[in-house]
Amino acid sequence: MRARRLVVGAARAAVARRWVHRVVRPSALALALLAAAQAAQAQYNPAPPFYPAPRGYLSLGAGASSYGLSCGGSAQCDRVGNAVRAAAGLFVTPYAAFELAAADFGDSRIGTPYGEAEFNVRMVGVGIALTMEYGARFNGLLRFGVAQVEATQQLLHGAPVSRSTSAEGYYGLTMGYLLTPNLAAELSFDGTRYDFGYGDVGRVDALTFGLSLRF
């Protein structure tokens, strides 16, 4: 009887060893490999944290503008100016904000029937900004609205300044990269139309680089 028990015990031990070799060890090895793979993925492909949606923003940028106007045969025609833009927005949803925007498109030099003149366009407007998300750090704004646009012309020989003001639509596209949760570097393209009267209607665009503070 004792010998039979010893035989049965040995058989059970052999079965247990085979179960350990066939089931437990492969499972443990699979779990170890899975843990190592997850650790490697976290090490070589770190995912940046997603920052909370802002309530508003303030942005300021500077760059160059381009006037779509005729040189009028002027030998000193210069349709490129130095542009400055500023904007403030308040989000009403995570995807849309009311925006107040302003821009000075800088001076250009054109030819007129009365001689060469410096030409400048400024605007102040209100509109809507729609958000575009490209991940945790990249984002953008698509902007459009209505602006009061002032066009100024000053003849170089000292004649009085001529001004014209009109209501025009404005548009803009901003691409940003978050440097910190509250500060982003931005590249913006903005434009509007101007009406100087007498059928003198044109367009001016600006490409600027700047910073945006999110709050």
**OP:** Just reorder 203, 143 by solvent-accessible area, largest first, 1.4 Å probe, all chains present.
**Re:** 203, 143
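Viscosity 0.890 mPa s, temperature 25 °C: give me the Stokes-Einstein translational D for the range 134-188 in µm²/s, with Rh taken as the Kirkwood radius over C-alpha pairs.
On the way: Rh = 14.4 Å.
Answer, rounded: 170 µm²/s.
Between beta-carbons, use under 13 Å as the cut-off and find the net charge around residue 188, counting Lys and Arg +1, Asp and Glu -1. Walk me through the numbers before you get to the answer.
Working: positive: 85, 143; negative: 99, 186, 190, 205.
After counting each charged neighbour, the total is -2.
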**OP:** Note the direction-averaged projected area, equal to a quarter of the hull surface, for the Cα convex hull of the range 100-215, in nm².
**Re:** 8.0 nm²
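The values are calculated or read from the model by the stated rules, or taken from the named source; none is laboratory data. Keep in mind that this is a model prediction, so the values were computed, not measured. Here the Cβ is made from the backbone with ideal geometry for all residues, glycine too, and neighbour counts use every protein chain on show. We work out accessible area using only protein heavy atoms, side chains counted, and drop any ligands, DNA or RNA first. Shrake-Rupley method; radii C 1.70, N 1.55, O 1.52, S 1.80 Å.
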